[in-house]
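K.L.:
Starting off with a structure, shown below.
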Amino acid sequence: YFLPMLAGTGIGDPSDIHKWKEGYYSVLGDQVGGRWLGIMILLAAVASSIGLFLAEMSSDSFQLQGMASDGQLPAIFARRSRHGTPTLAILLSASGIVTLVTFSFIEVVELLNFMYCLAELLEFGAFLTLRVKNPDA
């Protein structure tokens, strides 16, 4: 991000810095190389976002499949399709994403912070339980 931002500040008018919002790199591409460069930057950003989304969803679904294989989730999530993909885990992950899309960004951040706090409490509770049960470990 540093090099495009450095180039963008050198290209653009310094008084236009307040216009820098989401998608402004494609505007800078328009200014530097014409409309084709702006469109290419926009398409690269779209492809990057889609790739990141699919990689994250795939990672989450394989985590669900692994947890089901270990017996931590119902065994139905451990099943794979003939292509080796955990289909039901992907559907569960996608349904969670579809649900989160209905919330605003602030609500999603609040929900993630709440879930993080619950995870920390669970971890601390596990620590205390293990310390009581196995004081010498």
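The values are calculated or read from the model by the stated rules, or taken from the named source; none is laboratory data. Keep in mind that this is a model prediction, so the values were computed, not measured. In this analysis, Cβ positions are derived from the backbone assuming ideal geometry, glycine residues included, and neighbour counts consider all displayed protein chains. SASA here: full protein model, heavy atoms, side chains in, ligands and nucleic acids out. Shrake-Rupley method; radii C 1.70, N 1.55, O 1.52, S 1.80 Å.
K.L.:
In the range 57-85, how many are under 19 Å from the mean Cα position of the chain (by Cα) and more than 18 Å from Met115 (Cα to Cα)?
P.N.:
Counting residues in the range 57-85 that are under 19 Å from the mean Cα position of the chain (by Cα) and more than 18 Å from Met115 (Cα to Cα) gives 6.
K.L.:
In addition: Taking the criterion of being surrounded by 15 or more Cβ atoms within 10 Å (Cβ to Cβ), touching a Ser or Thr at 6+ places or on another chain (Cβ under 6 Å) and of a type outside the set (Ser, Thr, Tyr), would at least one residue in the range 2-16 satisfy it?
P.N.:
No, the conditions are met nowhere in the range 2-16.
K.L.:
Considering only residues that are in a loop (DSSP other than H, G, I, E, B) and either touching a strand residue (DSSP E or B) at 6+ places or on another chain (Cβ under 7 Å) or open to solvent by less than 100 Å² (accessible area, probe 1.4 Å) (or both), which ones fall in the range 106-136?
P.N.:
Listed by number, the residues that qualify are Asn134, Pro135.
K.L.:
Further, regarding this structure: Cβ-Cβ under 8 Å, sequence separation 6+ or interchain: first residue in the range 36-47 and touching a residue at least 12 places away in the same chain (Cβ under 8 Å), partner open to solvent by 70 Å² or more (accessible area, probe 1.4 Å) and part of a helix (DSSP H, G or I). Which pairs?
P.N.:
From residues that are touching a residue at least 12 places away in the same chain (Cβ under 8 Å), the pairs are Ile41/Tyr25; Ala45/Tyr25.
K.L.:
When you scan the range 33-49, do you find a residue that is outside any helix (DSSP H, G or I) and either touching a helix residue (DSSP H, G or I) at 6+ places or on another chain (Cβ under 9 Å) or small (Gly, Ala, Ser) (or both), even just one?
P.N.:
Within the range 33-49, one or more residues are outside any helix (DSSP H, G or I) and either touching a helix residue (DSSP H, G or I) at 6+ places or on another chain (Cβ under 9 Å) or small (Gly, Ala, Ser) (or both).
K.L.:
Moving on. Testing His83 on (1) surrounded by 12 or more Cβ atoms within 10 Å (Cβ to Cβ); (2) assigned to a loop (DSSP other than H, G, I, E, B), one condition comes back false. Which one is that?
P.N.:
(1)
K.L.:
Is it the case, given these coordinates, that Leu91 is open to solvent by 70 Å² or more (accessible area, probe 1.4 Å) and not polar (S, T, N, Q)?
P.N.:
So Leu91 passes the test.
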